[in-house]
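Colleague: Starting off with a structure, shown below.
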Ligand code: PEP
Ligand code: MG
């Protein structure tokens, strides 16, 4: 019989930490903690397989499940010495979700399940604490009616009309009437009365009685957790995080322990190290006399765990270390046990019931990029993990976060702090404030940078949080929803800035006598928790010596070389500072855009509008010194590292001036009438320029264009050689589809090479002659092409375009819908389509190397800096990847991780040791400003 339910508790368990796929992260780790002898309330886990079956069978459970749940429940009863639904000695349980990967706050939880008219008197008799029992009951009604009776039933109330909000308002009303500050002030009679009113309200709003049977509540809770797997916010989160729908969630049913049984009870969450900066300090928050989600919900400002980690915001509050020293010591011992066992930072949840400590959860804690890096480096020093493990501990996307800007300390010094909060997500961000998640999404779509300001965030805000560059909340602690999510994404975030009062209805926030409205600018320092009015300048964060040290580790493991796509000497220098080992793509035409491009552009335009060879040659002669100068400067910066110079691949008609005065100037220079110029410009028009007169086709029709460029390359190289410098140019022909095209251009290259050698009196100039593989035909005929080409560089932008038949510039109209409908797993221009385009890449490499075993192969399409694509490039045996300068560190890390994974797969138990540094690698240097991400869109 299939096993759907796994028990845990009493120092033993049926599952283990390795069973995450089946038991979810929470279930697997609860089991593991039992094996470690850590006190865990007994319970059982319903597997993720049941979730999948449940959806497959039109929301019906497998038959055997009911019996297995009964048996597991009986075991819990035995261990805990209580019975579920028993009038005298009732057991209460919690019902929680638990997917393979944690999805904080995205799915549902119900606590205190089992409280009903039959069990309430027994609970009161047992605890001698009616106040506690009615408090637990009112919480059950609030959660259950919201989660099970409303959300899981598919009821979508109007904004602010949800049952939970309505019940919350009733609670507030009672508090206000009585003049109470906190929930804890309510008496037992008041709570009892409130519970009756709650149940009447539930009936009135939802049209159903609140269930008064323990078993009915239990199955309602289980069903609601499964239903929440397909709830709106869980689905949205999965899309963002790339979590497959098929994984499903497990359900954990666990005996309740109570943190709200008075002043010797408490509840808390903690991290075994600081998740924001990685400090090796036990770090967390707790609340006395509180239950379950109170700490994360951000309703009360939580207390610090210990004295060492107090912050400006919670300095006045008592720490657990001083309030309950014995329990704190026990918790500290568990912290060390867990870290030693898991060899990683853990995120834990605990409850103290009348002085007794219980662990409710442990999992690998989410952390910022800075924290990931610092922890990994510390743990190597502590000999807790190996260098290769350290390299695997930082996700390439987290490295991206480390390269993100921080608020310029100089600017910050002179700025007045508007408010202070908890530093929940690192780095700096400035933008316009918005007050709803929907506005954040809409404004971001218009290209605006927004800071999402909320009183507190809830899981419904997740898309807005994603769209914003920063998040600011007036309530909540370091473990509030906003903080957890932002930290997971490495997004700048400040929570609990109590001085701010947010009026989301009017879209204003008030702070220190000022009123800021929607659209006003603020700056956040998420590392310190400071909010400033207006826009402060940002600086690069790469000077961190630990980052440099970490990148040294990284380079010891990778096999793939990492080059950069750079078109100017400045970009090349910057990329070298990030560790680039060459230029994989120098797009010559980029010298006609941007800074200092006016003069060369004018000459290029003359060349384009020329009508015959002599006009064209004259224009090319004028262009020559500009091209040569740029290439020379770039070769010089790269100091002997390979520089792949791609010959012109310009969209000709786009370079024709649009403005009348410019057209007239050009006509004068060419000695023709403006009408004649218009006519010539018109003749350049192409219906489909992407497949038109571009790349090698230009060089074939106008060989003088190739000649000029090749001469510029060889002369630049020759002059540098004469100056005693090292150079390694690689001439790359674009948009090739046949060997014959490459041969045609090679004749020119050979001739000019001899001429330049003769001119400079050189016996040889080292260089390579190769091609881009960016047309499917070229990949398929790579065996022949490699007879001439000494290297291949995969232009996966065009290869994707031509392979899919998707115009690079027109995908906005349909690719998002393809991704939404799961016709494609991702935008193939962003993440390489390994199945199809990847197959072309593999075929090309295989056939090319059959002809030329030492053929050098790289990639220069945008995928060269995307981690999963880099892993693919490693797997198919490329020599290097090339990407934009500040993606270079990301590609280096992705390449190292690919190599480590490969070794692990081959010898899973063997320790992976860093390679001895043999061949020359460029060590990353300090500095270098970051700039907007992504490749340059050319057409
Ligand atoms: C490519 O096609 O992948 C490439 C690098 O060239 P471009 O983007 O300039 O067409
Ligand atoms: Mg291309």
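The values are calculated or read from the model by the stated rules, or taken from the named source; none is laboratory data. Here the structure is a predicted model, which means the values were calculated and not measured. Don't worry about glycine lacking a Cβ; one is built from the backbone with ideal geometry, like all the others, and counts go over all protein chains shown.
Colleague: Within region 759-777, restricting attention to residues that are assigned to a helix (DSSP H, G or I) and within 16 Å of ligand 1 (Cβ to nearest atom), which residue is nearest to residue 838 (Cα to Cα)?
Modeller: We begin by selecting, within region 759-777, every residue assigned to a helix (DSSP H, G or I); these are 759-760, 776-777.
Checking the rest, the ones that are also within 16 Å of ligand 1 (Cβ to nearest atom) come to 776-777.
Details: 776: 11, 777: 14 Å.
Looking at residues that are assigned to a helix (DSSP H, G or I) and within 16 Å of ligand 1 (Cβ to nearest atom), I get 776.
Colleague: To continue, here is another question. How do the pairs read when you match residues in region 772-783 that are in contact (Cβ under 8 Å) with a residue 24 or more places away in the chain with residues anywhere that are outside any helix (DSSP H, G or I) and away from ligand 1 (no atom under 14 Å from the Cβ), using Cβ under 7 Å and keeping only pairs 6 or more apart or on different chains?
Modeller: As it stands, the answer is 781/738, since those pairs meet every condition given.
Colleague: If you take the residues of region 811-828 that are away from ligand 2 (no atom under 16 Å from the Cβ), outside any loop (DSSP other than H, G, I, E, B) and at pLDDT below 90, which of them is surrounded by the most Cβ atoms within 10 Å (Cβ to Cβ)?
Modeller: Of region 811-828, the ones away from ligand 2 (no atom under 16 Å from the Cβ) are 812-827.
Filter again for outside any loop (DSSP other than H, G, I, E, B), leaving 812-813, 815-820.
Pick out the ones that are also at pLDDT below 90 and you get 812-813, 815-817, 819-820.
On the way: 812: 8, 813: 8, 815: 19, 816: 12, 817: 10, 819: 16, 820: 10.
Filtering first and then ranking leaves 815.
Colleague: Return only the number of the condition from (1) touching a residue at least 60 places away in the same chain (Cβ under 8 Å); (2) over 11 Å from residue 737 (Cβ atoms); (3) more than 27 Å from the chain's Cα centre (by Cα) that residue 794 does not satisfy.
Modeller: (3)
Colleague: Which of the residues belonging to region 101-126 are at pLDDT 90 or above and either under 25 Å from residue 487 (Cα atoms) or buried (at least 16 other Cβ atoms within 10 Å of the Cβ) (or both)?
Modeller: 110, 111, 112, 113, 114, 115, 116, 119, 120, 122, 123, 124
Colleague: Then there is this: Is there any pair with a first residue in region 640-668 that is under 16 Å from residue 682 (Cα atoms) and without any contact (Cβ under 8 Å) to a residue 24 or more places away in the chain and a second that is away from ligand 1 (no atom under 13 Å from the Cβ) and assigned to a loop (DSSP other than H, G, I, E, B) whose Cβ atoms are under 7 Å apart and which are 6 or more apart or on different chains, and what are they?
Modeller: 663/657; 667/673
Colleague: For residue 338, indicate whether it is part of a helix (DSSP H, G or I) and buried (at least 22 other Cβ atoms within 10 Å of the Cβ).
Modeller: Taking the combined requirement at face value, the residue satisfies it.
Colleague: For region 762-771, state whether one or more residues are closer than 20 Å to residue 648 by Cβ, surrounded by 14 or more Cβ atoms within 10 Å (Cβ to Cβ) and either within 16 Å of ligand 2 (Cβ to nearest atom) or modelled with pLDDT under 95 (or both).
Modeller: Residues of region 762-771 closer than 20 Å to residue 648 by Cβ: 767-771.
This time we only want the ones that are surrounded by 14 or more Cβ atoms within 10 Å (Cβ to Cβ), so: 767-771.
This time we only want the ones that are either within 16 Å of ligand 2 (Cβ to nearest atom) or modelled with pLDDT under 95 (or both), so: 770-771.
Yes - at least one qualifying residue is present in region 762-771.
Colleague: Within region 10-49, track down each residue that is in contact with a strand residue (DSSP E or B) (Cβ under 6 Å, 6 or more places away or on another chain) and assigned to a strand (DSSP E or B).
Modeller: 43, 44, 45, 46
Colleague: Just need a number here: residues in region 664-697 that are outside any loop (DSSP other than H, G, I, E, B), within 16 Å of ligand 2 (Cβ to nearest atom) and crowded, with 20+ Cβ neighbours inside 10 Å. So that I can check it myself, show each step before the final result.
Modeller: The initial filter retains those residues of region 664-697 that are outside any loop (DSSP other than H, G, I, E, B), namely 664-670, 674-683, 689-691, 696-697.
Cutting the leftovers down to within 16 Å of ligand 2 (Cβ to nearest atom) gives us 689-691, 696-697.
After this cut, where a residue has to be crowded, with 20+ Cβ neighbours inside 10 Å as well, the list is 696.
Final tally of qualifying residues: 1.
Colleague: Still on this structure, please answer the following. Can you confirm whether region 848-857 contains a residue that is touching a helix residue (DSSP H, G or I) at 6+ places or on another chain (Cβ under 8 Å) and within 16 Å of ligand 1 (Cβ to nearest atom)? If you could, list the steps in order and put the result at the bottom.
Modeller: Applying the first criterion (touching a helix residue (DSSP H, G or I) at 6+ places or on another chain (Cβ under 8 Å)) to region 848-857 yields 848-852, 855, 857.
Pick out the ones that are also within 16 Å of ligand 1 (Cβ to nearest atom) and you get 857.
Yes - at least one qualifying residue is present in region 848-857.
Colleague: Moving on to the next point. Inside region 738-748, can you point out the residues that are more than 16 Å from ligand 2 (Cβ to nearest atom), surrounded by fewer than 22 Cβ atoms within 10 Å (Cβ to Cβ) and over 19 Å from residue 853 (Cα atoms)? Steps first, please.
Modeller: Step one: filter region 738-748 for residues more than 16 Å from ligand 2 (Cβ to nearest atom), giving 738-740, 743-748.
Next, only the ones that are surrounded by fewer than 22 Cβ atoms within 10 Å (Cβ to Cβ) stay: 738-740, 743-744, 746-748.
Once the filter is applied, which keeps residues that are more than 16 Å from ligand 2 (Cβ to nearest atom), surrounded by fewer than 22 Cβ atoms within 10 Å (Cβ to Cβ) and over 19 Å from residue 853 (Cα atoms), region 738-748 yields 738, 740, 743, 744, 746, 747, 748.
Colleague: Here's another thing I want to ask about it. Among the candidates 202, 148, single out the residue that is under 29 Å from residue 229 (Cα atoms), touching a helix residue (DSSP H, G or I) at 6+ places or on another chain (Cβ under 9 Å) and modelled with pLDDT under 95. Break it down stepwise before answering.
Modeller: Numbers: 202 fails: modelled with pLDDT under 95.
Of 202, 148, the one residue that is under 29 Å from residue 229 (Cα atoms), touching a helix residue (DSSP H, G or I) at 6+ places or on another chain (Cβ under 9 Å) and modelled with pLDDT under 95 is 148.
Colleague: Suppose the filter is surrounded by fewer than 21 Cβ atoms within 10 Å (Cβ to Cβ), touching a residue at least 24 places away in the same chain (Cβ under 8 Å) and in a loop (DSSP other than H, G, I, E, B); does residue 456 pass it? Quick ask: steps written out before the conclusion?
Modeller: On the way: surrounded by fewer than 21 Cβ atoms within 10 Å (Cβ to Cβ): yes; touching a residue at least 24 places away in the same chain (Cβ under 8 Å): yes; in a loop (DSSP other than H, G, I, E, B): yes.
When the stated conditions are applied, residue 456 passes them.
Colleague: Out of the residues in region 867-917 that are assigned to a helix (DSSP H, G or I) and touching a strand residue (DSSP E or B) at 6+ places or on another chain (Cβ under 7 Å), state the one that is modelled with the lowest pLDDT. Write out each step before concluding.
Modeller: Applying the first criterion (assigned to a helix (DSSP H, G or I)) to region 867-917 yields 867-875, 885-906.
Those still in the list that are touching a strand residue (DSSP E or B) at 6+ places or on another chain (Cβ under 7 Å) too: 870, 873, 885, 888, 891-892, 895.
Numbers: 870: 98, 873: 98, 885: 83, 888: 92, 891: 96, 892: 97, 895: 98.
If we take residues in region 867-917 being assigned to a helix (DSSP H, G or I) and touching a strand residue (DSSP E or B) at 6+ places or on another chain (Cβ under 7 Å), then 885 is modelled with the lowest pLDDT.
Colleague: Something else now. Residue by residue through region 778-797, note down the ones that are modelled with pLDDT of 95 or more, within 14 Å of ligand 2 (Cβ to nearest atom), over 20 Å from residue 748 (Cβ atoms) and in a helix (DSSP H, G or I).
Modeller: Scanning region 778-797 gives 779, 796.
Colleague: Sort through 751, 808 and tell me the only one that's within 16 Å of ligand 2 (Cβ to nearest atom) and either in a loop (DSSP other than H, G, I, E, B) or surrounded by fewer than 24 Cβ atoms within 10 Å (Cβ to Cβ) (or both).
Modeller: Details: 751 fails: within 16 Å of ligand 2 (Cβ to nearest atom).
Just one listed residue meets the conditions, 808.
Colleague: Go through 550, 602, 586 for me and flag whichever is under 30 Å from residue 408 (Cβ atoms), in contact (Cβ under 8 Å) with a residue 12 or more places away in the chain and buried (at least 17 other Cβ atoms within 10 Å of the Cβ). Full working, then the answer.
Modeller: Numbers: 602 fails: under 30 Å from residue 408 (Cβ atoms); 586 fails: under 30 Å from residue 408 (Cβ atoms).
Result: 550 is the single residue among 550, 602, 586 that is under 30 Å from residue 408 (Cβ atoms), in contact (Cβ under 8 Å) with a residue 12 or more places away in the chain and buried (at least 17 other Cβ atoms within 10 Å of the Cβ).
Colleague: Give the residues of region 630-662 that are within 16 Å of ligand 2 (Cβ to nearest atom) and in contact with a strand residue (DSSP E or B) (Cβ under 8 Å, 6 or more places away or on another chain), sorted by residue number. Before you say what the answer is, go through the steps one by one.
Modeller: Quick first cut of region 630-662, residues within 16 Å of ligand 2 (Cβ to nearest atom) only: 644-652, 654.
Passing the criteria: 644, 645, 646, 647, 649.
Colleague: Between 832, 799, 824, which is free of Cβ contacts under 8 Å to residues at least 60 places away in the same chain, in contact with a helix residue (DSSP H, G or I) (Cβ under 7 Å, 6 or more places away or on another chain) and closer than 21 Å to residue 887 by Cβ?
Modeller: Numbers: 799 fails: free of Cβ contacts under 8 Å to residues at least 60 places away in the same chain; 824 fails: closer than 21 Å to residue 887 by Cβ.
That would be 832, the only listed residue that is free of Cβ contacts under 8 Å to residues at least 60 places away in the same chain, in contact with a helix residue (DSSP H, G or I) (Cβ under 7 Å, 6 or more places away or on another chain) and closer than 21 Å to residue 887 by Cβ.
Colleague: Which is buried (at least 17 other Cβ atoms within 10 Å of the Cβ), out of contact with any strand residue (DSSP E or B) (no Cβ under 6 Å at 6 or more places or on another chain) and not in a helix (DSSP H, G or I), of 756, 710, 735?
Modeller: 735 is the lone residue from the list that is buried (at least 17 other Cβ atoms within 10 Å of the Cβ), out of contact with any strand residue (DSSP E or B) (no Cβ under 6 Å at 6 or more places or on another chain) and not in a helix (DSSP H, G or I).
Colleague: Here is a check on your reading of the model: is residue 841 in a loop (DSSP other than H, G, I, E, B), in contact (Cβ under 8 Å) with a residue 60 or more places away in the chain, within 16 Å of ligand 1 (Cβ to nearest atom) and crowded, with 16+ Cβ neighbours inside 10 Å?
Modeller: Numbers: in a loop (DSSP other than H, G, I, E, B): no; in contact (Cβ under 8 Å) with a residue 60 or more places away in the chain: yes; within 16 Å of ligand 1 (Cβ to nearest atom): yes; crowded, with 16+ Cβ neighbours inside 10 Å: yes.
Judged against the criteria, residue 841 is not a match.
Colleague: Mind listing whichever residues of region 572-583 are assigned to a helix (DSSP H, G or I) and crowded, with 22+ Cβ neighbours inside 10 Å?
Modeller: First, the residues of region 572-583 that are assigned to a helix (DSSP H, G or I): 572-577.
Within region 572-583, 572, 574, 575, 576 meet the criteria.
Conditions tested, residue by residue: (1) farther than 22 Å from residue 303 by Cα; (2) more than 22 Å from the chain's Cα centre (by Cα); (3) part of a helix (DSSP H, G or I).
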{"residue": "444", "(1), (2), (3)": "yes, no, yes"}
{"residue": "452", "(1), (2), (3)": "yes, no, no"}
{"residue": "460", "(1), (2), (3)": "yes, no, yes"}
{"residue": "465", "(1), (2), (3)": "yes, no, yes"}
{"residue": "476", "(1), (2), (3)": "no, yes, no"}
{"residue": "509", "(1), (2), (3)": "yes, yes, no"}
{"residue": "532", "(1), (2), (3)": "yes, yes, no"}
{"residue": "535", "(1), (2), (3)": "yes, yes, no"}
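Colleague: How many residues are out of contact with any strand residue (DSSP E or B) (no Cβ under 9 Å at 6 or more places or on another chain) and either within 16 Å of ligand 2 (Cβ to nearest atom) or at positive phi (or both) when one looks only at region 715-732?
Modeller: Here is the first cut: in region 715-732, the ones out of contact with any strand residue (DSSP E or B) (no Cβ under 9 Å at 6 or more places or on another chain) are 715, 718-726.
Applying the additional criterion that residues be either within 16 Å of ligand 2 (Cβ to nearest atom) or at positive phi (or both) yields 724.
Adding up the residues that qualify gives 1.
Colleague: Test of understanding: among 837, 775, which residue is closer than 28 Å to residue 246 by Cα, within 14 Å of ligand 2 (Cβ to nearest atom) and modelled with pLDDT of 95 or more?
Modeller: Details: 775 fails: closer than 28 Å to residue 246 by Cα.
Just one listed residue meets the conditions, 837.
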